[in-house]
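K.L.:
Take this structure first; my questions come after.
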Amino acid sequence: MNGLKEKIGTLCIFRELLKDTLVSSLCEYLEQPTSSAYAGFVSVLYELGDGNLSEYIKELCINSENVYVKTIGSGKKAPDYMYFSLLSELDVLQEVSELTKNSLCSLLEYKGFLPEFESTKLNLKEIYLDRVENIGKYGYGIYAQNHMFCVDEQGNIVPVLHPDKVELSNLVDYERERQIVIDNTKALLDGKPASNILLTGDAGTGKSATVKAVGNALWQDGLRIIEVRKGQLHNLPILLEELSANPLKFVLFIDDLSFMKDDDNFNALKAVLEGSVTAKSKNVVIYATSNRRHIVKEKFSDREGDDIHRNDTMQEIISLSERFGIHITFSKPNKKTYLRIVRHLAQENSINMPTEEIDLLAEQFALERGGRSPRIARQFIDGLLSKQECRGKE
């Protein structure tokens, strides 16, 4: 305990940790040990770390976007003096992680009740160095504990706190289409040439679900998904620059893409694709979905207008989709495929009904909604589950 506050104050690589609410609270207690300061420290630990000090300190280290991890993440070798500083600081943080109620309360004369907290045995240095060595899978900062992201109104990449948990096993049929996405994404993760992908086809056929399911399946191999809305496409060059030095691999996901031909976002995306994303950023690809084969909306006047270079104009309109290295089409399922999807989902959700009855009701449900699709199949099953739940409460 002697000199611990001073040791914490000498943190250099992990300097940002001094701003952490819990670490600040601990330093305040060590500076002036009182029963109130102790209770305040534990209160913060309960709120932020579920009462486990060791795990909280570990997470602080893992999520730290410090100069050492950024240096290693960019592919450079850190200087020896920085490495030795890292080791020394990890020893200090190890000491902090091993603090107990007894060790902290030894500074007090107060003998009344004080709250307990938990400390667990862990080798912080071993854990941290392992993550640095495998930084291409773990990442750092916000990318260490999250795998789905979006871009906020200020153009910052922020985690999606409650991402869609769809898994590849939840998706039925379209195996060939999904495998193309999987293989291309694995090529990206392996450092091999990977293409931008355009997924087109009818609504509800699983285009977006496929991208999200691949992200959920491969995030532990170093994949992160960042959703970019159409109105944010002008930020693409900035995003690519920011991500290029990151050790992880990224899919910039643009859902439900369509433009008018004079849309500025059209030109922004086209410029990025023209420059070949994978050539400039070997760790980033773009996956876009659209319900249109030609993702630029056309008017008859575009085809028949008095544009003297009408042929050039039409080429410009379809050129965007041609700049994606891979095109995948998701067609509407026929009746046989649709019912196969319904039966799979029914079995997955333990719905015990005769197959003939499920088929009849599912087909009726699809006809009432104007067509068959995996989305319609999911909605039908959700409806059955809702009815079962209601009957169970009666």
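K.L.:
Could you tell me whether Ser208 is assigned to a helix (DSSP H, G or I), touching a residue at least 40 places away in the same chain (Cβ under 8 Å) and not aliphatic (A, V, I, L, M)?
P.N.:
Here the answer is yes, as Ser208 does meet what is asked.
K.L.:
Then there is this: Only one residue in Thr120, Thr71 is without any contact (Cβ under 8 Å) to a residue 24 or more places away in the chain and in the same structural domain as Ile13 (by TED's automatic domain parsing), so which one is that?
P.N.:
Answer to the selection: Thr71.
K.L.:
Please tell me if Asn216 is more than 17 Å from the chain's Cα centre (by Cα), under 30 Å from Val342 (Cα atoms) and at pLDDT 95 or above.
P.N.:
no
K.L.:
Could you tell me which of the residues Asp130, Asp152 is of a type outside the set (Ser, Thr, Tyr), under 30 Å from Leu53 (Cβ atoms) and free of Cβ contacts under 8 Å to residues at least 24 places away in the same chain?
P.N.:
Going through Asp130, Asp152 in turn, the sole match is Asp130.
K.L.:
For region 123-132, state whether one or more residues are outside any helix (DSSP H, G or I) and exposed (fewer than 15 other Cβ atoms within 10 Å of the Cβ).
P.N.:
Yes: one or more hits.
K.L.:
Being among the aliphatic types (A, V, I, L, M), in contact with a helix residue (DSSP H, G or I) (Cβ under 7 Å, 6 or more places away or on another chain), more than 17 Å from Tyr140 (Cα to Cα) and assigned to a loop (DSSP other than H, G, I, E, B) narrows it down to one residue among Leu236, Leu257; which is it?
P.N.:
Of Leu236, Leu257, the one residue that is among the aliphatic types (A, V, I, L, M), in contact with a helix residue (DSSP H, G or I) (Cβ under 7 Å, 6 or more places away or on another chain), more than 17 Å from Tyr140 (Cα to Cα) and assigned to a loop (DSSP other than H, G, I, E, B) is Leu257.
K.L.:
Can you report the number of residues in region 341-368 which are surrounded by fewer than 15 Cβ atoms within 10 Å (Cβ to Cβ) and within 33 Å of the chain's Cα centre (by Cα)?
P.N.:
Summing the residues that are surrounded by fewer than 15 Cβ atoms within 10 Å (Cβ to Cβ) and within 33 Å of the chain's Cα centre (by Cα) in region 341-368 gives 4.
K.L.:
On to the next question. Filtering region 351-384 down to residues that are outside any helix (DSSP H, G or I) and either touching a helix residue (DSSP H, G or I) at 6+ places or on another chain (Cβ under 7 Å) or aliphatic (A, V, I, L, M) (or both), which residue is nearest to Ala209 (Cα to Cα)?
P.N.:
Arg372
K.L.:
Look through Gly231, Gly215, Gly191 and report the one residue that is crowded, with 19+ Cβ neighbours inside 10 Å and of a type outside the set (Lys, Arg).
P.N.:
Residue meeting the stated conditions: Gly215.
K.L.:
Shifting gears a bit: Tell me, yes or no, whether region 40-55 has at least one residue that is outside the structural domain of Asn283 (by TED's automatic domain parsing), of a type in the set (Asp, Glu) and at positive phi.
P.N.:
yes
K.L.:
Enumerate the helices (runs of 4 or more DSSP H) found wholly within region 35-90, keeping only those where 2 or more residues are of a type in the set (S, T, N, Q) and over 27 Å from the mean Cα position of the chain (by Cα).
P.N.:
Result: 35-49.
The values are calculated or read from the model by the stated rules, or taken from the named source; none is laboratory data. Note that this is a predicted model, so its numbers are computed, not measured. With ideal geometry, Cβ positions are generated from the backbone for all residues, glycine too; neighbour counts draw on all protein chains shown.
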